[in-house]
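The values are calculated or read from the model by the stated rules, or taken from the named source; none is laboratory data. Quantities reported herein were computed from a predicted structural model and do not represent experimental measurements. Using ideal geometry, Cβ is built from the backbone for each residue, glycine included, and neighbour counts are taken over all protein chains shown.
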Amino acid sequence: MQVSQQHKTESAQALEAFLTLQRSKGLTKGTLHQYRIGLDGFEDWRQKPYEELTQLDMVKYVNILREGLVPTSVQLRLFPIKAFLRWYLSGGIQGGKLKGNYPDCVSEITIKKRMRTKPDVFITPEILEQYLGECRTLQQKVYFAILYDTGARRSEVLNLKIKDVQRDENGLCVELNGKTGYRKNWLHESIPLVMPYINSMSSNPNDWVFNTTYTKSQSERRSHSTIDSWSSRIVERLKKRGVISPNDKLRIHSFRHTKARNLKKLKWANDEINIWMGWSKNSNMATHYGQAREEDIVHRFREDTGREVQDETEEHRTCPVCQAVNGTITKFCGDCGNALRPEFAARRDQQMSVKVQAELYQARQLIKTIKSSKFLSEQLNL
């Protein structure tokens, strides 16, 4: 039986109603787009009213999909079709079900769960240091340092404007706008890179933080493809140097995975993590990121068998000169400029003792105090 024109019109209306309903349930634009692709393709193929579809019909359609698509894409096409048929055949606009059993025509068509794949690289401070060392510009370093510090989505960081970098009673922060709306993330690790970068930019609060420097207009934002290019080249160089293995998966999204996992290891509650990461109130993503990984199993095995366990817990670096607390990725103290590790001092050819650096720090503080006094400043012609 061919589908009548009237049925096609009613079907189109039903499809739009279904997508509108899904949108009201909080589905993102990207997910809705995938739903529409799957449903439109099904409508182009379908030759029967929904009520007359059989299991054999649906098996034939699945086989057609498998001829031209990889398994993951087949799953993406099938899921919205099954969901729509369940809703439509259980009442549709008059109260169709969004949950529950599927109708007979698709009940036996299972969507295979993804097989476990190698997880994203967990970005330790050591890997991050190497990663930032491969960045060619300060702008690149700042972008990836903020990603590591906040765990924000790549687009959220890319969309930052100068006015979004603020300082409040808790310190330096960035104001982000993502899928769940506005939120604020405070910075710590990335401050030594962020501050000089922001201070070197224009005073226009509406300029993009990550703008294109090769155009006349400083307000033109970097593109996602540019960020992808930065990342892929850095990862390629890290693999060549043996910092990470050739088969390791280190993506831009790995920074978000790492932050969520670090918060979980620090015993943050799930609802606290959801707020920081920009997930919905009832999201289970915090639980997902808290699941055990291979390195956790290795750690537990070595611990149980009495072997030496390398502690990968992040430790902040305390400056031996001024006692200021710095982030794990900081090489030089943000307050006094002291090298936080001997190898950093060697790289900068600073072989001075801690005592000498302490005296220099005291001298800088004295000069700062004198400059703050109008009388002394005038007397000393400063």
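Structure values in brief
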| item | result |
| --- | --- |
| Residues that are part of a loop (DSSP other than H, G, I, E, B) and touching a residue at least 40 places away in the same chain (Cβ under 8 Å), drawn from segment 137-155 | G151, A152, R153 |
| Single match in Q75, Q22, Q55, Q34 (criterion: exposed (fewer than 15 other Cβ atoms within 10 Å of the Cβ) and either without any contact (Cβ under 8 Å) to a residue 40 or more places away in the chain or of a type outside the set (F, W, Y) (or both)) | Q55 |
| Residues of segment 156-180 classified as surrounded by fewer than 17 Cβ atoms within 10 Å (Cβ to Cβ), in contact (Cβ under 8 Å) with a residue 60 or more places away in the chain and not in a loop (DSSP other than H, G, I, E, B), total | 1 |
| Which listed residue is modelled with pLDDT under 85, closer than 30 Å to G181 by Cβ and of a type in the set (A, V, I, L, M), from L39, L19, L27, L69 | L27 |
| Boolean, T226 is under 30 Å from K25 (Cα atoms), surrounded by 12 or more Cβ atoms within 10 Å (Cβ to Cβ) and among the hydroxyl-bearing types (S, T, Y) | no |
| Checklist (1) modelled with pLDDT under 90; (2) within 24 Å of L21 (Cβ to Cβ) applied to P80, failing item | (1) |
| In segment 181-190, the residues that are assigned to a strand (DSSP E or B) and at pLDDT 90 or above | Y182, R183, K184, N185, W186 |
| Flag for S254 being touching a helix residue (DSSP H, G or I) at 6+ places or on another chain (Cβ under 7 Å) and either over 22 Å from A145 (Cα atoms) or of a type in the set (S, T, N, Q) (or both) | no |
| Single unsatisfied condition, Q47 versus (1) part of a helix (DSSP H, G or I); (2) more than 18 Å from R23 (Cα to Cα); (3) touching a residue at least 40 places away in the same chain (Cβ under 8 Å); (4) not hydrophobic (A, V, I, L, M, F, W, C) | (1) |
| Out of I162, I234, sole residue that is in the same structural domain as W276 (by TED's automatic domain parsing) and modelled with pLDDT under 95 | I162 |
| Segment 2-19, residues that are hydrophobic (A, V, I, L, M, F, W, C) and loosely packed, with under 14 Cβ neighbours inside 10 Å | A12 |
| Residues that are among the hydroxyl-bearing types (S, T, Y), outside any helix (DSSP H, G or I), over 12 Å from L138 (Cα atoms) and modelled with pLDDT of 85 or more, drawn from segment 191-226 | T212, S223 |
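Table: residues versus (1) in a loop (DSSP other than H, G, I, E, B); (2) of a type in the set (F, W, Y); (3) crowded, with 19+ Cβ neighbours inside 10 Å.
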| position | (1), (2), (3) |
| --- | --- |
| W230 | no, yes, yes |
| I234 | no, no, yes |
| I244 | yes, no, no |
| R251 | yes, no, no |
| S254 | no, no, yes |
| K264 | no, no, no |
| K267 | yes, no, no |
| W279 | yes, yes, yes |
